[in-house]
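The following block contains the structure, expressed as structure tokens.
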Amino acid sequence: MRLLLDTAVLIFAVESPERLTKRATTLLQNTENILELNAVSLSEIAIKAARGKLRFSAADTHRALEDLDLRILPYTAHHAFYLFDLPPHHADPFDRQIIAQAVCEKIDISFQNF
């Protein structure tokens, strides 16, 4: 199964795995699953770290990508155009981009309450 991780899932998986649900932990540990991360999540981490809202460095991010064996998915114009049709359930612009990509790519999304 392909899973697109929310930025918070990536951070929790590394810094505080006890915050993840049992289901999320099981999915992350299943080596048959393909774990993916939206390239926008890297921007979100960098922006929030630069603003002092997140203590997760570039080195932490690289290590998390390797430890979780994550594939980075590019964010394309096709994904961005889907935002025009996306209902306003999520106000966070990063979450909206992740959701748009997941819908376009037909990938399950793993958010922190997954």
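Within the stretch 85-105, how many residues turn out to be under 12 Å from the mean Cα position of the chain (by Cα) and touching a residue at least 40 places away in the same chain (Cβ under 8 Å)?
6
Which of the following residues is under 14 Å from the mean Cα position of the chain (by Cα), at negative phi and among the hydroxyl-bearing types (Ser, Thr, Tyr): Tyr75, Tyr82?
Testing whether each residue is under 14 Å from the mean Cα position of the chain (by Cα), at negative phi and among the hydroxyl-bearing types (Ser, Thr, Tyr) leaves just Tyr75.
Tell me, yes or no, whether the stretch 27-40 has at least one residue that is of a type in the set (Ser, Thr, Tyr), out of contact with any strand residue (DSSP E or B) (no Cβ under 8 Å at 6 or more places or on another chain) and surrounded by 14 or more Cβ atoms within 10 Å (Cβ to Cβ).
No.
Taking the stated definitions as given, is Arg51 more than 15 Å from Leu5 (Cα to Cα), without any contact (Cβ under 8 Å) to a residue 60 or more places away in the chain, open to solvent by 70 Å² or more (accessible area, probe 1.4 Å) and among the charged types (D, E, K, R)?
In short, yes.
Sticking with this structure for a sec: Name the single residue that is surrounded by the fewest Cβ atoms within 10 Å (Cβ to Cβ) among those in the stretch 69-95 being modelled with pLDDT of 95 or more and in a helix (DSSP H, G or I).
Only one residue fits best here, namely Ala77.
Same structure, new question: When you check Arg55 against the structure, is it part of a helix (DSSP H, G or I) and either closer than 24 Å to Ala100 by Cα or more than 13 Å from the chain's Cα centre (by Cα) (or both), yes or no?
No: the conditions fail for Arg55.
The values are calculated or read from the model by the stated rules, or taken from the named source; none is laboratory data. Quick caveat, the model's predicted, so the values are computed rather than measured. In this analysis, Cβ positions are derived from the backbone assuming ideal geometry, glycine residues included, and neighbour counts consider all displayed protein chains. Surface accessibility is based on the protein's heavy atoms, side chains included, excluding ligands, DNA and RNA. Shrake-Rupley method; radii C 1.70, N 1.55, O 1.52, S 1.80 Å.
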